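J.: Attaching a single structure in structure tokens format; questions to follow.
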Amino acid sequence: MTPGGFPFAALVQGTDGNFYGTTASGGSGDVGTVFKITPSGTLTTLHSFEGYPTDGAAPGIGALVQAADGNFYGTTRYGGAHNGCIETCGTVFKITPQGAETTLYSFSCPPPDCPGGFSPAGGLVQGTDGNFYGTTQYGGDTNDCPYGCGTVFNITAEGILTTLYVFHVTDGSYPVTSLVQATDGNFYGTTTEGGGADAGTLFRITAQ
């Protein structure tokens, strides 16, 4: 496979001792890759994204997460089965350490707005309940933001997604980074805009 380019996201070290990451472009589809690299620098491209309509495209700044089942989970900002967003709507995917990739969920944008969100820029975090939690940069209430202010969601390992919260300008907009689950069981994150000064917010959301 053709190596990728522009690795915006951080690496994660797998339980096998190797490092795993993504690139935002390159690969056989020229829309990003998932790769493995050994501590000595030997790189293997595990998957080349192909984009709409069968696959994701352009992983964002969120790192992969290795789940309790040993597989890696991540997001792409574009691609997926639905072609009704600014570009295409983005995906949540699973990939084994050997490189078998599965699209678990394709975000969509039904009119008149995108209540379920789209374009997840950040990565996922696996909660203590076994589900994955993340954010979308856009979608939700388009009355406050032109393409919606973003959402918080959870998704099961089987691909069942639930929108937990829709942002509004008053409490934050356009989240782009991953959430963190704290010792109190709640999730904490940031938005890049919105709030009283329209300069971003820090927020807390309970697990549901």
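The values are calculated or read from the model by the stated rules, or taken from the named source; none is laboratory data. Because the structure is a prediction, the values reported are computed rather than measured. Cβ atoms come from the backbone with ideal geometry, glycine included; neighbour counts cover every protein chain shown. The protein model used for the area step is the full one, side chains on, heavy atoms only, and it has no ligands, DNA or RNA in it. Shrake-Rupley method; radii C 1.70, N 1.55, O 1.52, S 1.80 Å.
J.: Between residue 30 and residue 83, take the C-beta separation as r, use R0 = 30 Å, and let me know the FRET efficiency to the nearest 0.05. Don't jump to the answer; show the numbers that get you there.
T.: Details: r = 18 Å, r/R0 = 0.59.
With a Förster radius of 30 Å, E is 0.95.
J.: Counting only Cα atoms, I'd like the Rg/Rh figure for the stretch 158-203, Kirkwood definition for Rh. Write down the numbers at each step before the final one.
T.: On the way: Rg = 12.0 Å, Rh = 11.5 Å.
Rounded to two decimals, Rg over Rh is 1.04.
J.: Would you mind calculating the relative contact order of the chain from Cα pairs under 8 angstrom and at least 6 residues apart, reporting the percent as a whole number? Each step should come with its number before you reach the end.
T.: Numbers: 667 pairs, mean separation 24.2, N = 208.
Taking the mean separation of contacting Cα pairs over the length of the chain, I get 12 percent.
J.: Expressed as a whole percentage, what fraction of the accessible surface of the stretch 1-132 belongs to carbon and sulfur atoms when a 1.4 Å probe is rolled over the protein heavy atoms? Working shown, then result.
T.: Details: 3030 of 5510 Å².
Roughly 55 percent of what the probe reaches on the stretch 1-132 is carbon or sulfur.
J.: Give, as ranges by residue number, the residues of the stretch 116-143 whose backbone N falls under 19 Å from the point 7 Å along Cα→Cβ of residue 171.
T.: The answer is 116-118, 133-143.
J.: What are the residues whose amide H is under 5 Å from the amide H of residue 52, where those residues sit 5 or more places off or on another chain and H is modelled from the backbone?
T.: For residue 52, the qualifying residues are 79, 80.
J.: Under a GNM of the chain (C-alpha, springs under 10 Å), which listed residue has the highest mean-square fluctuation: 186, 154, 71?
T.: Highest fluctuation of the listed residues: 186.
J.: On each of the three principal axes of the Cα atoms of the stretch 1-120, give max minus min coordinate, whole Å, ordered largest first.
T.: 51, 30, 21
J.: Starting from one equal scatterer on each C-alpha and no solvent at all, send me the Debye-based log10 I(q)/I(0) for the stretch 55-165 at q = 0.12, 0.19, 0.22 Å⁻¹, two decimals.
T.: -0.36, -0.87, -1.15
J.: Select from 79, 110, 66 the residue farthest towards the positive end of the dipole of the stretch 51-154; place +1 on Cβ of Lys and Arg, -1 on Cβ of Asp and Glu, and compute about the Cα centre.
T.: After comparing all options, I get 66.
J.: Moving on. How large is the accessible surface per residue of the chain, computed with a 1.4 Å probe and reported in Å² as a whole number? Spell out each step's value before the answer.
T.: Details: 9010 Å² over 208 residues.
I get 43 Å² per residue for this part.
J.: Gaussian network model of the chain, Cα springs within a sub-10 Å range: biggest mean-square fluctuation belongs to which of 60, 32, 189?
T.: So, out of 60, 32, 189, the one fluctuating most is 189.
J.: First measure r as the distance between the Cβ atoms of residue 98 and residue 40, then evaluate 1/(1 + (r/R0)^6) with R0 = 22 Å and state the FRET efficiency to the nearest 0.05.
T.: The formula returns an efficiency of 0.65 here.
J.: Using only Cα atoms, what Kirkwood radius does the chain have, in angstroms?
T.: 16.8 Å is the Kirkwood radius here.
J.: Loop-only GluC sites (Glu not before Pro) in the stretch 47-123, please: DSSP not H, G, I, E or B, and at most 16 other Cβ atoms within 10 Å.
T.: On the way: sites: 50, 87, 101; in loops: 50, 87.
In loop regions of the stretch 47-123 (DSSP not H, G, I, E or B), the sparsely surrounded GluC sites (Glu not before Pro) are 87.
J.: Using a 7 Å offset from the Cα along the Cα-to-Cβ direction at both residue 198 and residue 16, what is the distance between the two label points in nm, to one decimal?
T.: Simple spin-label model gives 4.9 nm for this pair.
J.: Turning to a different aspect of this structure: Obtain the nm distance between the two label points defined at residue 113 and residue 180 by a simple spin-label model: each point lies 7 Å from its Cα along the Cα-to-C-beta direction.
T.: 3.0 nm
J.: Dipole magnitude of the chain about its Cα centre, charges +1 at Lys/Arg Cβ and -1 at Asp/Glu Cβ only, in debye to the nearest 20? Walk me through the intermediate numbers first.
T.: Details: 4 positive and 16 negative charges, 74 e Å.
So the dipole magnitude of the chain works out to roughly 360 debye.
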